[in-house]
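Read-outs: derived from the displayed coordinates by stated rules, not from any lab. All figures in this text were calculated on a predicted structure; none of them were measured in a lab. Here the Cβ is made from the backbone with ideal geometry for all residues, glycine too, and neighbour counts use every protein chain on show.
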Amino acid sequence: MAIAIIRTLILYAAIVVSLRIMGKRQLGELEPAELVVAVLISDLAAHPLQDIGTPLLYGLIPVLTLLCCEVLITAGVVKSIRFRAFICGKPNVIIHQGKIIQKEMKKNRMTPDELSEQLRKKNIVDISTVKYGILETDGTLSTVLYTDQAPLTPKQMNLPTNDVGYPVIVINNGRVISDNLQKMGFNEVWLKKQLKNRNIAAPRDVYLMTVDESSRIYFAVKDNCQ
């Protein structure tokens, strides 16, 4: 009995440490690759607990191997945008200006019932009030309402409003996202001008830059460049 308790405590500690090393996000909404790792870890750790005759290392070594793989994959996701898109997928716009994009719904195997459920969780009952609905890589739905439909709406106060689009990333960890830049109607010349106006030498010094349809820009310079 004592041996079983000790083995359980050791494996429990190993799993907790592994999840902590993989990051806090591992404990919240899981990316597809993270979900696979979490399921495998729980399954591999269960075998030595079920069979006392199985050496404890047979459970610890696979857990540590998966931990190393997850750390390497995470490093690759941080360094490479293409690798992140391959591993985690990309966010998909499934609602655009109050209309459901059926092609994207079918592509993501999402039914109207599931969409309605996600909207209800956000207290949204009328799809036409949603300017953008984005299905994130973790399966959650992010929404941007029309300005006059937001809580404490200016419409109710008879104030003029301007619709605001969702921010698009044009620089991600020092890398220029050319497709997004062109999608927003801008080019490299415009980007260089924006960097120059903020005394930023090059895109590599920018951690994050976003721009929306109203040309509102958000900048976050890398810590080592401040």
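So here's what we get for this one:
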| item | result |
| --- | --- |
| P(r), alpha carbons of the chain - 10 Å bins starting at zero, rounded % | 7, 22, 25, 24, 14, 7, 2, 0 |
| Sequence of R198, R7 once ranked by neighbouring C-beta atoms within 10 Å, starting from the fewest | R198, R7 |
| Sites L57 and R120, calculated FRET efficiency, Cβ-Cβ separation with R0 45 Å, nearest 0.05 | 0.40 |
| Taking V125, V176 and counting other C-beta atoms within 10 Å, the order from fewest to most | V125, V176 |
| Cα→Cβ-extended label distance, 7 Å offset, between Q156 and I169, nm | 3.5 |
| Exposure proxy ranking, count of Cβ atoms within 10 Å, fewest first, for D51, D138 | D51, D138 |
| Farthest positive-ward along the chain dipole, Cα basis, beta-carbon charges - from N123, V77, V16 | V77 |
| Along principal axes, Cα extents of the range 94-195, largest first, whole Å | 43, 41, 21 |
| Cα gyration tensor shape of the range 92-145, rounded if a/c is under 1.5, else prolate or oblate by comparing a/b with b/c | rounded |
| Degrees between helix 32-50 axis and first principal axis of the chain (Cα, 0 to 90, nearest 10) | 10 |
| Contour excess over end-to-end distance, with Cα ends at A202 and R82 and 0.36 nm allotted per residue | 41.1 nm |
| 0 to 90° range, to nearest 10: angle between helix 57-79 axis and the chain longest Cα axis | 20 |
| Difference of contour (0.36 nm per residue) and Cα-Cα distance, Q182 to S42 | 45.9 nm |
| Gyration tensor verdict on the range 168-221 (Cα atoms; rounded if a/c is under 1.5, prolate if a/b is larger than b/c, oblate otherwise) | rounded |
| Simple label model, 7 Å out from Cα along Cβ direction - D138 to H96, nm | 2.7 |
| Extreme residue, positive dipole direction of the chain, given options V37, A202, T65 (C-beta unit charges) | A202 |
| Full-stretch length increase - S215, N108 - with 0.36 nm per residue and alpha-carbon distance subtracted | 35.5 nm |
| Pairs beyond 29 Å (Cα-Cα), from K103/K155; K90/K192; K99/K193; K99/K121; K106/K155 | K103/K155; K99/K193; K106/K155 |
| Between 0 and 90°, nearest 10: helix 2-22 axis offset from the chain longest Cα axis | 20 |
